[in-house]
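Right, one structure below, let's go through it.
The values are calculated or read from the model by the stated rules, or taken from the named source; none is laboratory data. Just so it is clear, the structure is predicted and the values come from calculations on it, not from any experiment. Cβ placement follows ideal geometry from the backbone for every residue including glycine, while neighbour counts extend to all protein chains displayed.
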Amino acid sequence: MGRIALHNIRKAYGAVEVLKGIDLSINEGELVVFVGPSGCGKSTLLRMISGLDRPTGGTIEIDGQDVTRRSAADRGLAMVFQSYALYPHMTVWQNMAFGLQNTRMPKAEIAERIADAARLLEIEPLLDRRPGQLSGGQRQRVAIGRAIVRRPTAFLLDEPLSNLDAELRVSMRAELTALHSRLGATMIHVTHDQVEAMTMADRIVVLRAGRVEQVDTPLNLYNVPNNLFVAGFIGAPGMNLWPATPETKGSFLLEGGTKLELPHLDLAGPVTFGLRPQHLRLDENGPLTAKVTLVEALGAESVVHAELEGGVRLLAVLPGQPDLALRSQIRFAFDPAALHVFDAQGQRVKTG
Amino acid sequence: MKPLASILGAVIAAPLGWIAGLAEAPLRLWQRLTGKGGMIAFFLLPNMAIFGVFVLFPLIINIVYSTTSGSALFLSDRDFVGLGQYERLLRCDDYTNTLTCQEDQFWTAVKNTAVFVVVQVGLLISIATATALILNREIMGRSFWRAMFFFPVLLSPVVVGLIWRWILDRNGALNAALVGVGLDPVNWLLERGWAFAATIGITIWAHLGFYALILLAGLQAIPRDLYEAAEMDGTPPGRVFWRITLPLLMPNLLVVIVLSLIRAVQVFDEAYVLTGGGPGTATLYLTQYIYEVGFASLLKNPGLASAASILMGGVLIVLTLVQLGLSNRNEKKGKQK
Amino acid sequence: MTRAWAFLSRRRAGSNWDWTDIVTFVWLGAGLFIVFGPALWLVLSSLKSPAQLSEFPPTLMPYEARSVIVAGYENPLPLYKVTDDAGTRTLAEVRRVGTVAQMVDPADPGTIQKINIANRTPERDIGFSWSNYTDPFLKFDFLNYTKNSVFVTTMATLITLLTNSMAAFALSKYEFRGRGFVIVLIVATLMIPLSVILVPLYSIISGVGLINSLWGVILPTVATPTGVFLLRQYMLTIPYELLEAARMDHASEWQIYWRIVLPLTAPALAVLAIFSVVWRWNDFLWPLIVLSRQEVYTLQVGLNAYAGELNVQWHYLLAMTVMTMVPVVLVFIFLQRFITAGIAGSGLK
């Protein structure tokens, strides 16, 4: 229970196409995170799945059944809204009971389900309060509780952590993940925060401008980004991206003038090199010479901002607390195997 | 919206500003002499003087007025009679029959007004709520529809009264329509029941848009995602209305009920132009009674009118307090639960 | 009309029709008819001649009898379509005696034909009796009433804006003893309507000699607690730092009021101005009490007086009603969005 498949989902508001044909299949019990910059269509996609909005084209299947034309209520899904959407005039208990009462469920069963959910989420003392008397984190739990009591085939979570402060967000993140493994239900989680996506997801769906850029496990996305967008979007601080042109076989000229010898690469036409800041190390004989412009010492590691020839920016994360003077020239080396290569269209080039 | 408002405001503020410029030098001197306190007094004085003389002072001496008798206008020429005027207003031999009352006109007016208030406010609020619900839907040209219902609100009561007097005339459009579909014409304004209903109908027609707009603002303040949450739960429309919309609209509804009650108790303009209180005394309402006893009739009795107006003011204050108390209790209940 | 129906029939994409859509459709359609129908009927009726107004059932459009000049007759004669044994033809009426009319054929003015009036219908075209509109200005005091109404409305609005904004400024931007009391007083009197203080107010107006004076109408209305309340709420949103910056620049308190606070309050002033204009234009009960001489009547009082006459001249009355309505309709057309937004925001009554 809880398999969701999307086939060529499209959504247009007038002439503006927000979703441009999305194919996706979500397995039973999976925690899938939709991530992407704002306006990429991730929330719209979630609303299509929920049934609150109808797609302009394509079909949605849940457990093998076509539900595209079915109303939101008949899809057996539960949604946690960004603003929680708790009914302000009802107590926590009433909020959780409201949806169940619609289905004319026996009172005893309603009470039992709510008691179970309240125990699971540790909100038992709050059942008689109203949402206005709860803290942000408590409201969040109630909103999740309201979804849990319905025993849905899948949970849809629309940026549920974005209204919490930073500290609470980290702990709720862990709790949600734990909750997922306990319930074993399918969850779709929408966020614009790639750290949230990396830490929570079984699989991440990266969306941009209404298209799926890549679907994979968090580490695969990090290690083998399919294209420039995913490479730049996943990982913090962001990947160094340097446009370059091949000069002779195995020799490349970076934008700005730095020369790079990479004998294992035989490429024609302009490319972009990608290198994670963590893969750079200080080396007096390294191929990259850069001028230090800023050092952010975080204690365990230091983020070094520097400029290559021609003012091209370089970002390096170095372990410990190296003593680097501002405006000094330093040299970096890296393992050529860690280098990502993208072609002129921004697609990954296999390098063996 | 914003630029239009600003332009309008600027057009109005400009001439005022010019006059204000002339006052600059003398007022600087005044400020130097009297300090900030003097300026505060200066800013408050015009409004407070007018307010004091024409609102507050009359309000206070009204009580004195109601304890005097005679037809003289100024208090100094009037005789003190204590609670005599109230006694005259309120005394009845048999309270089930207004004809046995000393001031049977007053009791008729009270009875008419009471029925009017209950029926008119009930209908008005129901229709306004329904209209607001419909205007809150995703309909094309919503601003047009919203403005349309508001149009009669701007018309003067005299115009409203005359428009409907013309339509409800014996040879008017409504009777023509009745005859057209094969029914007998009705003498709307000369039959007691119909005339009474007509005053209720036209006051609803004239005020509906105002209340519908306030309720619409209340509806629009209810977050959309509450409705989406309800939709996810498969809540039927009726239950959405009773369990979500209505409770969340309650604060606005209370405000609207207070305002419409207070206005209904004072009903005068439209009804007076439409029926003049007739036929007989079928549409004689309190304000008209006060107006006639105090000003229009040959046997003017300002003291009696004043006593009646104080009784009406008392009702208005009680209504307001009851409603305020209700809404306070609602709030407290909300916090405790 | 067709555009309005198009509004109704278009819906959110993707949803199905259900009973709520039908209710919406019917409600808005009925609303359109009930709201605009009476006003439209008033306008159409106001253009009819007295004879046409007395017809029952009435026609929708105003008509004028078609007439023709016939040789040998001094005045133009009204034309009728006659249908009887002799066939259908158009004749002009010379005179009428009982149920029989003496008529002539315009082409043959010599022969008088006697026609039963049951066999004829008047020939007429759509035509407007503009004299309904011009006569009240020429023959009656209508122009004078208009002038009085304009005077009352303008002066009352200007004074309202000035005094209310000054008071609101003092009550929102200064701390002083008794401020709370004044505010409570104002809020409390929001609920006290004029009709509760008619008698003593009349004696005060009379005491200061303003009976039958337009100022007697203006003054009691200008200190509206509503206006002070509305402006104060708006001024509270102006940051105090602005005033202090101005004081650092050596502005006097008066300059702070009119050079800084007033311009920033423009949107609220505009709302109050529009409502003040509509309120004062429409005022009825108080002018009715204060003004008893015809030359000081405002439009509303004048209209009521005409309507109260024993023999109501509906053709004039309807035209005057339309003219009284015109300024308000103009306000409505040009400012409707602004007003509806303003009322939803401020809850003015």
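Which fully enclosed helices (runs of 4 or more DSSP H) of region B:17-122 have 1 or more residues being β-branched (V, I, T) and within 28 Å of C:L210 (Cβ to Cβ)?
B:24-51, B:57-65
If I filter region A:233-248 for residues that are part of a helix (DSSP H, G or I) and either among the polar types (S, T, N, Q) or buried (at least 16 other Cβ atoms within 10 Å of the Cβ) (or both), do I get at least one hit?
The answer is yes, given that some residue of region A:233-248 is part of a helix (DSSP H, G or I) and either among the polar types (S, T, N, Q) or buried (at least 16 other Cβ atoms within 10 Å of the Cβ) (or both).
When C:R337 is evaluated against the numbered criteria (1) modelled with pLDDT under 85; (2) within 21 Å of the chain's Cα centre (by Cα); (3) surrounded by fewer than 18 Cβ atoms within 10 Å (Cβ to Cβ); (4) more than 8 Å from chain B (Cβ to nearest Cβ), which criterion, by number, is the only one it fails?
Among (1) modelled with pLDDT under 85; (2) within 21 Å of the chain's Cα centre (by Cα); (3) surrounded by fewer than 18 Cβ atoms within 10 Å (Cβ to Cβ); (4) more than 8 Å from chain B (Cβ to nearest Cβ), C:R337 violates only (4).
Go through region A:249-269 and give me each residue that's in a strand (DSSP E or B) and of a type in the set (S, T, N, Q).
A:S251
Could you tell me whether region B:166-180 includes any residue that is touching a residue at least 24 places away in the same chain (Cβ under 8 Å), assigned to a loop (DSSP other than H, G, I, E, B) and within 29 Å of B:G314 (Cβ to Cβ)?
No, region B:166-180 contains no residue that is touching a residue at least 24 places away in the same chain (Cβ under 8 Å), assigned to a loop (DSSP other than H, G, I, E, B) and within 29 Å of B:G314 (Cβ to Cβ).
For region C:143-166, which positions are within 11 Å of chain B (Cβ to nearest Cβ) and under 15 Å from the mean Cα position of the chain (by Cα)?
Answer for region C:143-166, where residues must be within 11 Å of chain B (Cβ to nearest Cβ) and under 15 Å from the mean Cα position of the chain (by Cα): just C:S149.
For C:P193, only one of the following conditions fails: (1) surrounded by 22 or more Cβ atoms within 10 Å (Cβ to Cβ); (2) within 9 Å of chain B (Cβ to nearest Cβ). What is its number?
So the condition that C:P193 fails would be (1).
If A:T103 satisfies every condition in (1) modelled with pLDDT under 90; (2) more than 28 Å from A:D63 (Cα to Cα); (3) exposed (fewer than 14 other Cβ atoms within 10 Å of the Cβ) but one, which is the exception?
(2)
Restricting the search to region B:132-143, which residues are surrounded by fewer than 24 Cβ atoms within 10 Å (Cβ to Cβ), more than 7 Å from chain C (Cβ to nearest Cβ) and closer than 21 Å to C:I333 by Cβ?
B:R142
Any residue at all in region A:29-44 that's over 23 Å from the mean Cα position of the chain (by Cα), of a type in the set (S, T, N, Q) and within 14 Å of chain B (Cβ to nearest Cβ)?
No: region A:29-44 contains no residue that is over 23 Å from the mean Cα position of the chain (by Cα), of a type in the set (S, T, N, Q) and within 14 Å of chain B (Cβ to nearest Cβ).
What are the residues in region B:38-74 that are facing another protein chain (nearest Cβ under 7 Å) and either loosely packed, with under 15 Cβ neighbours inside 10 Å or among the charged types (D, E, K, R) (or both), if any?
Within region B:38-74, just B:F74 meets the criteria.
Only one of B:L249, B:L253 is more than 20 Å from the chain's Cα centre (by Cα) and within 14 Å of chain A (Cβ to nearest Cβ). Can you tell me which?
None of the other options fit; the residue is B:L249.
Any chance region C:237-250 includes a residue that's of a type outside the set (V, I, T) and at the interface with another protein chain (Cβ under 8 Å from one of its Cβ atoms)?
There is no residue in region C:237-250 that is of a type outside the set (V, I, T) and at the interface with another protein chain (Cβ under 8 Å from one of its Cβ atoms).
B:L304 passes all but one of (1) outside any helix (DSSP H, G or I); (2) at pLDDT 85 or above; (3) not polar (S, T, N, Q); which number fails?
(1)
Test B:V159 against the stated conditions and say whether it is more than 30 Å from B:G277 (Cα to Cα) and without any contact (Cβ under 8 Å) to a residue 60 or more places away in the chain.
Considered against the rule, which asks whether it is more than 30 Å from B:G277 (Cα to Cα) and without any contact (Cβ under 8 Å) to a residue 60 or more places away in the chain, B:V159 comes out as no.
So in region B:222-234, with the set limited to residues that are touching a residue at least 12 places away in the same chain (Cβ under 8 Å) and surrounded by fewer than 23 Cβ atoms within 10 Å (Cβ to Cβ), which one is nearest to the other protein chains (Cβ to nearest Cβ)?
Going through the qualifying residues, I end up with B:L226.
Do the conditions hold for B:L319, that is, is it in the same structural domain as B:F210 (by TED's automatic domain parsing), assigned to a helix (DSSP H, G or I), under 30 Å from B:W194 (Cβ atoms) and modelled with pLDDT under 85?
Taking the combined requirement at face value, the residue satisfies it.
Hey, which of the strands (runs of 3 or more DSSP E) in region A:1-77, taking only ones fully inside, have at least 2 residues that are surrounded by 22 or more Cβ atoms within 10 Å (Cβ to Cβ) and free of Cβ contacts under 8 Å to residues at least 60 places away in the same chain?
A:4-13
Restricting to region B:166-193, count the residues that are closer than 22 Å to B:L284 by Cβ and either buried (at least 18 other Cβ atoms within 10 Å of the Cβ) or facing chain C (nearest Cβ under 8 Å) (or both).
4
So which of C:L79, C:L53 ends up being touching a residue at least 60 places away in the same chain (Cβ under 8 Å) and within 42 Å of the chain's Cα centre (by Cα)?
C:L53
With respect to the numbered conditions (1) in contact (Cβ under 8 Å) with a residue 60 or more places away in the chain; (2) more than 10 Å from chain B (Cβ to nearest Cβ), which one is the sole condition not fulfilled by C:V228?
Condition (2) is where C:V228 drops out.
How many of the residues in region B:146-165 are at the interface with another protein chain (Cβ under 7 Å from one of its Cβ atoms) and of a type in the set (G, A, S)?
Here the count works out to 2.
Please state which of the following conditions C:V326 fails to meet, knowing it meets all the rest: (1) at the interface with another protein chain (Cβ under 8 Å from one of its Cβ atoms); (2) within 22 Å of B:F151 (Cβ to Cβ); (3) at pLDDT 85 or above.
(1)
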